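Trainee: Pasting a structure below so you can have a look.
Values in this text are rule-based calculations from the coordinates and carry no lab data. Computed from a prediction, not measured in an experiment: that's the story for all the values here. Here Cβ is always computed from backbone atoms with ideal geometry, including for glycine, and neighbour counts include all displayed protein chains.
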Amino acid sequence: MSSLSIPALNPTVLSLAFALALLLSLALKFWLSSRQLRHVVQHRGQVPAAFVGTVPLPAHQKAADYTAARSRLGLFSTAFGALLLIGWTLLGGLDALNAWVYGALYPSYGGMVYQLGLLLAFVLIGALLDTPWELYNTFVLEQRFGFNRTTWKLYVIDGLKGALVGAVIGLPIAALILWLMGAAGQLWWLWAWGAWMGFNLLILVLYPTVIAPLFNKFEPLSDLSLKSRVEALMARCGFAAKGLFVMDGSRRSAHGNAYFTGIGAAKRVVFFDTLLQRLNESEVEAVLAHELGHFKHKHVLKRIVTLFALSLAGFALLGWLGNQLGFYLGLGVRPNGAGPNDALALLLFMLAVPVFSFFFTPLSSGLSRKHEFQADAYACEQADGRALASALLKLHEDNAGTLTPDPLFARFYYSHPPATERLAALQSRG
């Protein structure tokens, strides 16, 4: 990037805007989570009228208790995350880390090693700080409600594999973007955006066959009756996949799911083994028809295009902010006088943008719920809508999804419609 400019961005104004946005987002998160917690607890004692006779009271109460426990944990982790963010930025944590890494690496090894070292140090510290929350969630909360099947050995192996995969994949793309930031001139952000999008598309292709098998076993679907039924459904829908696979999700969790992965000729249909153990053939077919509905309505393509557009805007914004001295000073960091500041700019951008973009969460959530209704409607056309309703009830029960979320919380956060709304829409379609 070019030399820093003064004083296009006032650091005091940025500091105040960042602090205000952080406080407002924190207050909104606490208010919504408190509403959700109260609403779920208040409705714990009685199954909603629409589910009487289909959802047992003990299952409803387990879902309420599970949701309440996750909400309480979320309140603590949200507060911790806000304090950590302030520590990294306005209180000078990133500034101190940068000074230490710069002094240790830049004089001896140069700009690229220093910048990659700074990114790696930040990621490692963040992972260490997140570990207690992950451990509590997996081995206490999920264990308490009977969902966790991850052993300590598997947890450690997953962590080591994840770190290795992250380094092998992350360091080269980070190095490429940092090189472009320093060598590609004023329009570096356009070249970096192109590299980032190419990287994401490559990951979509490689994930099903290279990355995912490092963590789970994928075996071809062996149930010939179900396989025939699924293949007939895909033929009716005009959908081609490279294979039908069963994933050993039960190694880690009792939660069930089904999904498509990959793009183009690399698409795969994947069923969790826990899903196949719970649903009958007509229900599995209906769930798959719902997923096919997303492809029929081009939801996946629309999301990729949206990702392209938002990331282009983000890189363009970073291209401007990275040249502003006030961007660094306003977020508690003194830029390097002699060495490059590109890694600093990346880290500050990743820390600050979520604070402001949080307020757009209801827009993305609402669009996602609209897509889910469209996919349900398509499933009713291609399969049995009653089977889909039955499958959704089983999945809600198995995953301990609450039937009584707070309406405002659901409108703000939920990417899927609440069960009552979703089943009502299915019933309206007969």
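Trainee: Using the alpha-carbon atoms, what tilt in degrees (0 to 90, nearest 10) does helix 188-206 show relative to the longest principal axis of the chain?
Mentor: Around 30 degrees separate the two axes.
Trainee: Here is a further query. On the Cα set of the range 26-87, report Rg and Dmax in Å, please.
Mentor: Values for the range 26-87 (Cα only, Rg and Dmax): 14.8, 51 Å.
Trainee: T274: net charge of surrounding residues, Cβ under 12 Å, Lys/Arg +1, Asp/Glu -1, itself excluded?
Mentor: Local net charge: +2.
Trainee: Evaluated at 10 °C with a viscosity of 1.306 mPa s, what Stokes-Einstein diffusion coefficient in µm²/s does the range 109-178 have when Rh comes from the Kirkwood expression over alpha-carbon pairs?
Mentor: Numbers: Rh = 14.0 Å.
Translational D for this selection: 113 µm²/s.
Trainee: Please report, in debye to the nearest 20, how large the charge dipole of the chain is about its Cα centre when each Lys and Arg carries +1 at its beta carbon and each Asp and Glu carries -1 there. Kindly include the intermediate steps, with their values, before the conclusion.
Mentor: Values: 33 positive and 24 negative charges, 83 e Å.
With only Lys, Arg, Asp and Glu charged at Cβ, the dipole is about 400 debye.
Trainee: Tell me the relative contact order for the range 1-149 as a rounded percent, counting alpha carbon contacts under 8 Å between residues six or more apart.
Mentor: Details: 61 pairs, mean separation 26.9, N = 149.
Reported as a whole number, the value is 18 percent.
Trainee: In Å, what Kirkwood hydrodynamic radius results for the range 298-358 from the alpha-carbon pair distances? Provide the component values of the computation, followed by the final result.
Mentor: Working: mean 1/r = 0.0773 Å⁻¹.
For the range 298-358, the Kirkwood estimate is 12.9 Å.
Trainee: Using the Cα centre of the chain as origin and beta-carbon charges of +1 (Lys, Arg) and -1 (Asp, Glu), tell me which of P417, G339, S25 is placed farthest towards the positive end of the dipole.
Mentor: Result: P417.
Trainee: If a/c stays under 1.5 just call it rounded; otherwise compare a/b with b/c (prolate if a/b is bigger, oblate if not). Do that for the range 137-230, with a ≥ b ≥ c from the square roots of the Cα gyration tensor eigenvalues.
Mentor: Working: a/c = 3.09, a/b = 1.66, b/c = 1.86.
Oblate, because a/c is 1.5 or more while a/b does not exceed b/c.
Trainee: Which one of T67, T54, G238 has its Cα pushed farthest toward the positive end of the charge dipole of the chain, where Lys and Arg give +1 and Asp and Glu give -1 at the Cβ?
Mentor: T54
Trainee: Okay, next question. Could you tell me the calculated FRET efficiency between L176 and F218, based on Cβ-Cβ distance and R0 = 35 angstrom, to the nearest 0.05?
Mentor: Working: r = 30 Å, r/R0 = 0.86.
Approximately 0.70, to the nearest 0.05.
Trainee: Please pull out the direction-averaged projected area of the range 348-402, using the convex hull of its alpha-carbon atoms, in nm² to one decimal place.
Mentor: Numbers: hull surface 22.4 nm².
Taking a quarter of the hull surface, the average projection is 5.6 nm².
Trainee: Hey, another quick one. If you wrap a convex hull around the Cα atoms of the range 266-377, how much volume per residue is inside, in Å³? Provide the component values of the computation, followed by the final result.
Mentor: Values: hull volume 19.0 nm³, N = 112.
Here the figure is 170 Å³ per residue.
Trainee: Mean separation of Cα pairs under 8 Å and 6+ residues apart, divided by the residue count of the range 236-334: what relative contact order is that in percent? Each step should come with its number before you reach the end.
Mentor: On the way: 81 pairs, mean separation 20.6, N = 99.
Rounded, it is 21 percent for the range 236-334.
Trainee: Could you give the dipole magnitude of the range 55-197 about its Cα centre, charging the beta-carbon of Lys and Arg +1 and that of Asp and Glu -1, in debye to the nearest 20?
Mentor: On the way: 7 positive and 6 negative charges, 80 e Å.
So the magnitude is around 380 debye.
Trainee: Another one. Compute the Kirkwood hydrodynamic radius of the chain, taking the inverse of the mean of 1/r over all pairs of distinct Cα atoms, and give it in Å to one decimal.
Mentor: That comes to 24.3 Å for the chain.
Trainee: Quick check on my link table: of K302/K370; K267/K298; K242/K298; K62/K370; K153/K267, which ones sit more than 25 Å apart, alpha carbon to alpha carbon? Walk me through the numbers on the way to the answer.
Mentor: Numbers: K302/K370 13 Å; K267/K298 14 Å; K242/K298 19 Å; K62/K370 28 Å; K153/K267 31 Å.
Over 25 Å apart, Cα to Cα: K62/K370; K153/K267.
Trainee: Here's a follow-up. Working only with C-alpha atoms, what are the Rg and Dmax values of the range 311-395, expressed in angstrom?
Mentor: Reported Rg and Dmax, both Å: 22.1, 67.
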